[in-house]
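The values are calculated or read from the model by the stated rules, or taken from the named source; none is laboratory data. This is a predicted model, so every value here is computed, not measured. Note that each Cβ is placed from the backbone with ideal geometry, even for glycine, and that neighbours are counted across all protein chains shown. The protein model used for the area step is the full one, side chains on, heavy atoms only, and it has no ligands, DNA or RNA in it. Shrake-Rupley method; radii C 1.70, N 1.55, O 1.52, S 1.80 Å.
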Amino acid sequence: MGGRADLAARLLATFLDELEEQLRALDVDLLTLEREPGDAERLRSVFRVAHTLKGAARAAGVRPIEEVCHALETMCAGARDAGTPLSGAQVALLFAGSDALADAGRRLREGKDAGTSPVITELLQQLRRRAAAAQGHAGRRGVQQGEGPAVPAGLAAVRTDPGETPSVAAQPGAARRSPEDAHGTRATDKPAETSAATAAGPARDDQLRVGARQLDSLITAAGELLGMTGTISDRPAEADAVAEMVRSWRTEWRRATRDGSSRARAAVSPVLAAAFASVDDHLARIDQQVGQLARALGDDARTLGGTTARLVDSVRRLRMRPFADIAGQLPRAARDVAVSLGKDVLVTVEGENVEADRTVLDGLREPLLHLVRNAVDHGLEVSEVRRARGKPAEGRIVIRAELGGDRLRVSIADDGAGLDVTAIRAALVERGRAVPADDHDVVRSLFESGFSTRRVTTAISGRGVGLDIVRTAIERFGGTVDVDWEEGIGTTFTIEAPVSVATLRAIIVIAGGQTFAIPTVFVERMVRVPRADVRSVEGQSVLPNGSTPIPLASLASLLGPPLADVSAAATLEVIVLAAAGRRLAIVVDELVEEREIVVRPLEYAGEETSARFSGASLLDGTRVALVVNAGALATTGRRGDARASARFAVETSAARRQWHLLVVDDSITTRTLEESVLSAAGFRVTTAVDGADAWRLVQHGGIDLVVSDVEMPVLDGLGLTEQIRASTAHARLPVILVTSLDKPEHRARGLEAGADAYITKSSFDQDTLIGIVRQLLGEPA
């Protein structure tokens, strides 16, 4: 009994994999038939899929799927034999049949009975109603009671096999699949065939199915071997050190025995002289043998390293799958949404043969479905509106996959109305959220949790979870997502993800006393920065970088407790990350090395941990490094807060006292406001009406920090700052510029003049001002 049960389980697993592949091909054919009902070749292809799956379902003992496939086969055969194109109703039934098969397959993967599928139940009921109506209308002979459901009109011309019961599907779009690769992946470099006929033929000798868990175990073992290879690669250097030590001993021994006086050498007995010679001979042999051992170790380490690299690369390739595996369902998903909304859409997929790790593709499946549905729902206009705007009635969506180095880039571009930035700003204001000045930052608010501009919730959108799910899912495996748009022209969402999450090149660092790995694909540069070069803009530490300062934060602060914050070193070890057009400079305690690592998933990590780390790597027998989700840090951690933006100014150990501040502004209202805020915080405040007045007060001495406006008569804030920096006595006086000038070039000009911090009045916050003042004075924030 056990043997039969095992055989049945293997047959079912194989059938479900085949069902998934064949349904992808079926959807492609049906989308073409919907546009070109007279395409005879596509009709024959659909017939072959149905026929193949019917036989496979019979072998696997899945009767409901066999019945549905027989109905699809019969419908196609009737149209083929009659030489007539399929009607719209028949194409809709074929789509619904595909849905029914998908729902049944999903239930079987979950261990349920395919016959309990409500989609199939509704399908069979609808089929019986259609058959009865057609029978009454055309006077055709129906199937006798007890022989199974009747054949719809137009299908009875095809003879059924004895004991088979034909049926068709329910409503199109009733259930779409989200297949998971639960049973494995194909160990072949060749993409899945899109023709159903190849699946019906005998298996090729160079193809086999390997379980996903087996591949995971293999990559884990390869990772351990890679870690040990790194350790062994250090052994030749250690052997060379031993060889050098032996040479040094031999040299010292020879010098000691040679430099003795002739009388002393003559006094040595023959036995002792022979012992001296023997020691010298042994040292010579040890020197020779250790040198040979060091060379052999070097050769073996290089051979092992090359073999390990080839093994890891081979395992990585086994995990690779074509983009077509997940892209095939996207046109169908767009079509279903378009039908429900009364829109017309044509979806084009490019780069189907581009390959990536199966884990990456599986992780992209749901985000891409969200983005494609959003493109149809939010992006594309209805046909009447498109015509009025001079566009084709049919909306276009182009899905493109391409490789850039070791990154996979997937874009979803539509030719719809673009994004309404004004509406997004209004929605942010309505929800009480901060409204960024930059339009691109405003648009990125769409990726925040619970944000939507829709006021009416539908089955497709308006719940404020779609783009948040997209961002979270993509960041989970180290990817990023960004959006560009042109009003009235269209919108493009771009996803960047690693080609492989199994192996990657990484920078190994120490932060907060722990070891981390940062994927090099996100590393723009590594620099050593004097702490004195760090500036502050609106409470955020930054690195000066032309007109666009780079936000700076310690990696330990960004990752949070229990990591200790950055040390007080005078020179900072900085890594500049870049992702989705954004940069973030992170400070680490130590840069260790760059190396290839094998990444293991964090199977039992919580949501917060998964958001910060994309996996872990065993560097050697004992050392483990967590792989930092650097893309997410660069795009979402860049703004930072008081915890993430560590205080990088040089600390002072002076006892706390009442600091004397100078507030400079030509507006009495602004002077009064700032004086009130700072006085309430315990500071002594003096005011000045312009830069010239302020410079006189600075020269008198006793000022600990200056808070100045920029645009003022006589001498503006930039001129005041430059005079302070040019003076010998006051060059180190901290200066904060507070101004309404908020463009990047204005910020850059302020920092170039020598300001320590730059705050815009549009985002003025008294806590921010007080925090920056205390930071520059070396007090606790």
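Miscellaneous remarks
- Accessible area ranking (1.4 Å probe, heavy atoms, ligands and nucleic acids excluded), largest first, for Ile668, Ile120: Ile668, Ile120.
- Between Ser740 and Val527, the distance separating the two model label sites (each 7 Å from Cα on the Cα→Cβ line) works out to 3.4 nm.
- Under a 5 Å amide H cut-off, with hydrogens placed 1.01 Å from N, Ser233 pairs with nothing among residues at least 5 apart or on other chains.
- Between Glu593 and Thr231, the contour length at 0.36 nm per residue exceeds the Cα-Cα span by 129.0 nm.
- Peptide packing for 281-293, 12-24 was compared via the average number of neighbouring C-beta atoms within 10 Å per residue; ordered from the highest value, the list is 12-24, 281-293.
- Think of a 1.4 Å ball rolled over the protein heavy atoms: the range 329-405 then has 39 Å² of accessible area per residue.
- Less than 5 angstrom separates the built amide H of Val663 from those of Thr686, Thr687, Ala688, Val707, all sequence-distant by 5 or more or on a different chain.
- Positive-end residue of Gly754, Pro744, Leu715, charge dipole of the range 704-776 with Cβ unit charges: Gly754
- The range 316-410, dipole about Cα centre (Lys/Arg Cβ +1, Asp/Glu Cβ -1), debye to the nearest 20: 100 debye
- Neighbours of Thr303, meaning other residues whose beta-carbon lies under 15 angstrom from its beta-carbon, give a summed charge of +2 when Lys and Arg score +1 and Asp and Glu score -1.
- Karplus 3J(HN,Hα) series, Hz, for the range 307-318 with 6.51 cos²θ - 1.76 cosθ + 1.60 (x for Gly, Pro): 5, 4, 4, 5, 5, 4, 5, 5, 5, 4, 5, 4
- Rolling a 1.4 angstrom probe over the range 659-781 with all protein chains present gives an accessible area of which 49% lies on carbon and sulfur atoms.
- Highest to lowest packing among 728-739, 304-315, scored as the average C-beta count within 10 Å: 728-739, 304-315
- Remark: the range 53-125 carries 33 Å² of accessible area per residue (probe radius 1.4 Å; ligands, DNA and RNA excluded).
- Over all Cα atoms in the range 236-387, the spread is summed up by Rg and Dmax: 37.5, 117 Å.
- Note on Lys54: aspartates and glutamates with a C-alpha under 15 Å away, same-chain residues under 8 apart excluded, are Asp17, Glu18, Glu20, Glu21, Glu66, Glu67, Glu73, Asp161, Glu164.
- Span from the the range 684-705 Cα centroid across to the the range 341-357 one, whole angstrom: 65 Å
- From most to least packed by mean Cβ count within 10 Å, the peptides 498-504, 235-241, 574-580, 386-392 give 498-504, 574-580, 235-241, 386-392.
- When both the range 19-85 and the range 396-435 are represented by their alpha-carbon centers, they are found 37 Å apart.
- Solvent-accessible area of Asp589 with every protein chain in place, 1.4 Å probe, in Å² to the nearest 10: 60 Å²
- Nearest-20 debye value, the range 1-126 charge dipole, Cβ charges on Lys, Arg, Asp, Glu: 340 debye
- Qualifying lysines (Cα of each under 22 Å from Cα of Lys761; at least 8 residues distant if same chain): Lys743
- Accessible area per residue for the range 498-556, computed on protein heavy atoms with a 1.4 Å probe, is 33 Å².
- Using a Förster distance of 35 Å, the FRET efficiency for Val714-Glu430 (Cβ separation, nearest 0.05): 0.20
- For the pair Glu394 and Asp438, label points projected 7 Å from Cα toward Cβ lie 3.9 nm apart.
- When its C-alpha radius of gyration is set against 2.2 N^0.38 Å (N residues), the range 705-781 gives a value of 1.06.
- Calculated P(r) of the range 1-131 - Cα pairs past 25 Å, %: 24 percent
- Computed accessible area, Asp325, all protein chains, 1.4 angstrom probe, square angstrom: 10 Å²
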